[in-house]
Every structure is written in C-alpha cells, then in structure tokens.
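See below for the structure under consideration.
The values are calculated or read from the model by the stated rules, or taken from the named source; none is laboratory data. Note that this is a predicted model, so its numbers are computed, not measured. A quick note on method: Cβ atoms are made from the backbone with ideal geometry, for glycine too, and the neighbour counts reach across all protein chains shown.
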Number of protein chains: 2
Amino acid sequence: MAIVRYKISVEYDGTNYCGYQKQPDMPNKSVEEILENAVFELSQERVKITASGRTDAGVHASGQVVHFDLSKHFEPLRIVKGLNNYLRRQDIAVLACEIMDENFHARFSAKMRHYRYLIVNRPAPLILQKNRAMYVSATLEVEAMRAASKFLIGLHDFSSFRDSQCQALSVMKNVQKIQITKNADQILIEISATSFLHHMVRNIVGTLVWVGSGKISAEEVKNILEAKDRTKSGPNAPAFGLYFFGVDY
Amino acid sequence: MAIVRYKISVEYDGTNYCGYQKQPDMPNKSVEEILENAVFELSQERVKITASGRTDAGVHASGQVVHFDLSKHFEPLRIVKGLNNYLRRQDIAVLACEIMDENFHARFSAKMRHYRYLIVNRPAPLILQKNRAMYVSATLEVEAMRAASKFLIGLHDFSSFRDSQCQALSVMKNVQKIQITKNADQILIEISATSFLHHMVRNIVGTLVWVGSGKISAEEVKNILEAKDRTKSGPNAPAFGLYFFGVDY
C-alpha cells in the first residue's frame with residue numbers, strides 16, 4: 001500500500017496551549033495532539049505528526065511546518081479545508097498543503113528557520129496587541145540593539161543563550177540574520193538560523209532589550225557570548241512576543 | 001476657578017463594547033462611559049467626554065482623540081498613567097495626553113480623520129488576527145480595487161455609502177486619500193477625509209471587495225457613487241476590520 005506524505009504549514013495562537021509538543025499532566029492541550037486529532041477526524045488514520053521545531057507555551061506560529069503520512073490520497077486543498085473544518089473551535093489553522101516524496105522530513109530537511117519577535121515600545125499598556133507582543137515602557141535605543149546583534153551573527157557557541165533544560169547535542173549554532181526594524185512604536189526583531197537552542201531567541205531578545213535600555217553596552221554582548229554562561233545574559237523575553245515565522249527547505 | 005482642558009488619544013479593542021457612544025439597554029458597556037468612570041476615579045470629578053468621532057460596536061481605535069475639562073491640574077503623564085491604572089481590566093488604554101487651551105475641541109477642531117481597514121486574503125481562516133481583520137478567501141485583485149478607489153477621491157455626495165440611520169446634516173464629504181497596499185496576504189485600505197457619514201468607510205470597503213472579487217468592474221463604482229442610492233453599493237464590511245487610526249488638528 002502506497003504511503004502519501006503531506007507537508008502542511010500551520011498558524012497558531014500559542015496563548016491557550018501548553019506548547020507545540022504533547023506534555024503529560026498539563027491543563028492545556030498541545031498543538032501536536034490537536035493537529036493529530038484533526039487528521040484522524042478527516043482520514044480515520046492515527047498518525048504521528050513531525051514538526052520542523054517545537055514551540056513553548058504562549059509562543060505563536062505564523063508558519064510552523066509539519067509532515068505526516070496517510071495511506072489515503074487527498075488533494076492538498078481538501079487537506080487544508082478538511083483540517084480547518086475540524087480545527088474551527090481551536091486557535092489553529094492550516095495555511096497550505098503540499099504532497100512531498102518520502103525523502104522530505106519537516107525537521108531534518110529544514111535548511112533555515114525564521115523567527116520574529118515583536119516589542120511594543122511606548123508608555124501605555126498593550127490593548128490591540130495584548131498577548132501578541134512584549135511591552136516595554138522605557139525608550140529603547142534601536143541603533144544600540146542593532147550594533148549588539150552584529151556580535152551574534154555567524155557560527156558560535158550559544159551556551160550563554162541556552163536554557164538549562166535544553167537537550168540539543170551541540171551548542172554551536174549558525175545565526176544567518178538578525179534584522180531589527182522600528183515602525184512607530186513597533187520594534188520587530190527577525191532572526192534566522194539553521195536551528196536554535198531552547199529559549200535561544202527569547203534569551204537573545206532579553207539581552208538586546210538590556211542593551212536598548214542602556215543597562216549594558218552593545219559591546220558587552222560580545223563578552224556575554226564568549227562567556228558561554230547563561231547567568232551572564234539577559235532574561236528570557238516573554239513567550240507571547242515570539243512567532244515561529246517559517247522554514248526554508 | 002480655572003478649568004483645564006485635556007486632550008487624550010486612546011486605543012481600544014472594540015470587540016466587547018457596544019461602540020464608542022453610551023447606549024441605553026445594551027448588554028455591553030460603551031467606551032465613553034468607561035473613560036468617564038476612569039476620569040472620575042482619578043479626579044473625583046464627573047465629566048462629559050467629547051470624542052472626535054463615534055465608532056460602532058466591534059470597531060477598534062488605535063488613535064481615537066477625545067477631550068474633557070477638569071477643575072484640577074494634573075501633569076499629562078499623570079493623566080496617562082492614572083487613567084491606565086483605572087482602565088487595567090478594560091480593553092482601553094490612554095496613549096498620550098496634552099493640555100490644550102479652551103478653543104480646542106476634539107470634534108469641531110478636527111481637520112482630517114484617518115481610518116484603516118484590514119483584509120486578510122487567503123484560503124485559511126484567521127487565527128492570530130481573529131477579530132482584527134476581515135477574512136476574504138477568494139483572491140482579490142488589488143489593482144482593480146485601486147482603480148475603483150480613484151472615483152471616490154474628492155468632494156462628492158456619498159449617499160450611496162451612507163447608512164439609513166445616519167444623522168449627518170450634509171451628504172457631501174471630501175475624501176482626501178484612499179491608499180490600498182498589499183503585503184503578503186494582508187490588504188490594508190487607508191482612508192482619510194475631513195469627516196465621514198455613518199458606515200461610509202465600511203460601505204466603501206464592501207464595494208471595493210466586490211470590485212476585487214470581480215463581481216463588478218472598477219468603473220461601476222463611478223455609477224454607484226453617482227446613483228446616490230445605498231441599495232446600489234456593496235455590503236457593509238465587518239466592524240472588526242476597521243480601525244479609527246487618528247485625527248489631525
């Protein structure tokens with residue numbers, strides 16, 4: 001019996017989930033189990049869904065990519081519409097579907113992962129972007145944040161920006177891009193790398209916010225990176241400002 | 001006793017309010033009464049707040065402007081922080097405050113009002129922008145929408161885009177700008193005019209969506225405008241895609 005491999009891209013609001021991955025004994029469900037249930041409702045086949053990367057509780061995705069195999073053939077548009085029908089009471093939507101050959105793997109075929117982090121920098125608390133961005137009231141110096149980010153580009157040991165729970169085999173990560181743009185009170189940080197350590201983006205953002213607020217100099221980020229010591233870097237920025245934006249294959 | 005006139009700009013998520021204006025016998029409160037209550041909590045003075053314009057239930061504001069008078073003098077930053085403290089369980093925030101002279105009037109001094117309407121154009125339902133944009137699944141031709149919008153620029157009788165409940169004295173309105181930009185699946189329509197008729201922006205958007213989806217030609221919008229007949233124009237686009245963006249004085 002032939003097997004069909006489906007690649008889908010997924011948007012979710014992470015607020016009410018325990019994260020992408022299934023976790024025992026959590027009050028909130030995971031994105032993974034809800035997607036697997038939707039695939040079962042549509043196909044009557046129980047599948048294991050493989051994601052390009054995990055996201056923590058509260059973290060959003062505008063372009064998470066996952067794959068799964070079914071013995072049945074469905075047209076891609078039927079997958080999109082059918083899954084969205086079973087997801088209609090959830091904070092998850094399927095954006096697109098492609099049928100891939102068996103060599104495609106959502107995690108291992110990924111060449112580049114793109115994250116975005118949104119900060120709103122103003123005196124007033126967030127309303128229209130509540131749970132959608134980090135709120136910083138003190139004025140941030142974006143130029144200093146940009147200067148600091150340059151030290152993190154390239155292949156480095158990112159131990160200083162790694163959560164203690166991180167299970168990655170290597171601490172060496174290759175950061176391709178950190179772009180920081182400001183538009184009115186919105187500061188958007190775009191970060192791309194082949195892969196990331198656990199909490200790496202949020203620890204980098206927390207450290208850049210230290211720089212932007214003048215707590216440390218831009219150059220100090222070079223020392224933090226070289227220290228290979230998580231106690232030197234800034235706080236883990238809130239989950240709700242982070243978006244898993246997309247994956248290149 | 002001297003009177004101090006305060007101008008504040010306000011952001012709100014219109015989802016859970018009956019609109020800007022107080023209305024009897026509505027289950028949801030109005031933005032107006034919540035703001036007046038917050039001013040009372042801060043100042044112990046009962047005021048009538050005057051807005052630059054009303055918004056309907058579900059319509060958002062990122063830059064509504066209002067004024068009110070107090071016999072007490074507060075520093076502008078104290079107004080911002082104090083009101084936001086009393087608004088902290090609401091979907092309303094005060095962005096900025098200025099002390100004005102008595103000739104300033106939020107409504108009558110307004111020279112230009114700016115609205116934005118957001119459409120998301122893709123096959124999948126909205127998740128991260130639920131209640132923040134209109135969802136259109138059929139592909140919209142933005143160029144045709146732009147061509148159609150040109151007929152509406154300038155001073156015209158906008159009866160075809162006027163709600164039957166509208167109480168405006170004149171149907172002549174001067175539309176200064178309609179700018180339509182597309183970024184990935186986001187279509188943003190920016191409309192500026194001295195003032196608007198009731199539902200005018202949403203009726204214009206509903207008609208432009210007709211054009212974008214090929215239901216009518218761009219040129220047909222000229223005929224609709226000239227017909228001065230509300231039954232000729234498109235449906236009133238959903239409230240939750242509309243933002244009262246700002247006011248020039």
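Observations
Quick grid of which residues meet (1) in the same structural domain as B:Cys18 (by TED's automatic domain parsing); (2) under 23 Å from A:Lys130 (Cα atoms):
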| position | (1), (2) |
| --- | --- |
| B:Ile34 | yes, yes |
| B:Leu42 | yes, no |
| B:Thr50 | yes, no |
| B:Val65 | yes, yes |
| B:Pro76 | yes, no |
| B:Gly82 | yes, yes |
| B:Ile92 | yes, yes |
| B:Pro123 | no, no |
| B:Lys130 | no, yes |
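- Only one entry of B:Ser159, B:Ser137 meets the criterion of being of a type in the set (Gly, Ala, Ser) and over 30 Å from A:Val59 (Cβ atoms), and that entry is B:Ser159.
- Residues of the range A:119-143 that turn out to be in contact with a Gly (Cβ under 6 Å, 6 or more places away or on another chain) and either within 11 Å of chain B (Cβ to nearest Cβ) or outside any strand (DSSP E or B) (or both), as a count: 3
- Identity of the residue in the range A:73-93, in contact with an Asp or Glu (Cβ under 8 Å, 6 or more places away or on another chain) and facing chain B (nearest Cβ under 10 Å), that ends up surrounded by the fewest Cβ atoms within 10 Å (Cβ to Cβ): A:Asp91
- Tally, over the range A:160-178, of residues that are in contact (Cβ under 8 Å) with a residue 24 or more places away in the chain and either within 19 Å of A:Val142 (Cβ to Cβ) or in contact with a Gly (Cβ under 7 Å, 6 or more places away or on another chain) (or both): 2
- Scan of the range A:62-72 for residues that are surrounded by 14 or more Cβ atoms within 10 Å (Cβ to Cβ) and more than 9 Å from chain B (Cβ to nearest Cβ), ordered by number: A:Gly63, A:Gln64, A:Val65, A:Val66, A:His67, A:Phe68, A:Asp69, A:Leu70
- Considering residues of the range A:4-33 that are within 14 Å of chain B (Cβ to nearest Cβ) and surrounded by fewer than 18 Cβ atoms within 10 Å (Cβ to Cβ) only, the residue farthest from A:Ser195 (Cα to Cα): A:Asn16
- Considering residues of the range B:165-201 that are charged (D, E, K, R) and in contact with a strand residue (DSSP E or B) (Cβ under 6 Å, 6 or more places away or on another chain) only, the residue surrounded by the most Cβ atoms within 10 Å (Cβ to Cβ): B:Lys173
- B:Ala57 in contact (Cβ under 8 Å) with a residue 12 or more places away in the chain and away from every other protein chain (no Cβ under 11 Å): yes
- Of the candidates A:Ala106, A:Ala110, the single residue that is in contact with a His (Cβ under 7 Å, 6 or more places away or on another chain), away from chain B (no Cβ under 12 Å) and not in a strand (DSSP E or B) is A:Ala106.
- Against the test of being β-branched (Val, Ile, Thr), surrounded by 15 or more Cβ atoms within 10 Å (Cβ to Cβ) and more than 30 Å from A:Arg107 (Cα to Cα), the options A:Val247, A:Val211, A:Val205 yield a single qualifying residue, A:Val211.
- Condition broken by B:Tyr117, with the remaining ones in (1) among the hydroxyl-bearing types (Ser, Thr, Tyr); (2) in contact with a strand residue (DSSP E or B) (Cβ under 6 Å, 6 or more places away or on another chain); (3) within 30 Å of B:Lys182 (Cα to Cα); (4) not assigned by TED's automatic domain parsing to the domain that holds B:Gly241 satisfied: (4)
- Residue in the range A:41-52 that is in a strand (DSSP E or B) and surrounded by fewer than 19 Cβ atoms within 10 Å (Cβ to Cβ) present: yes
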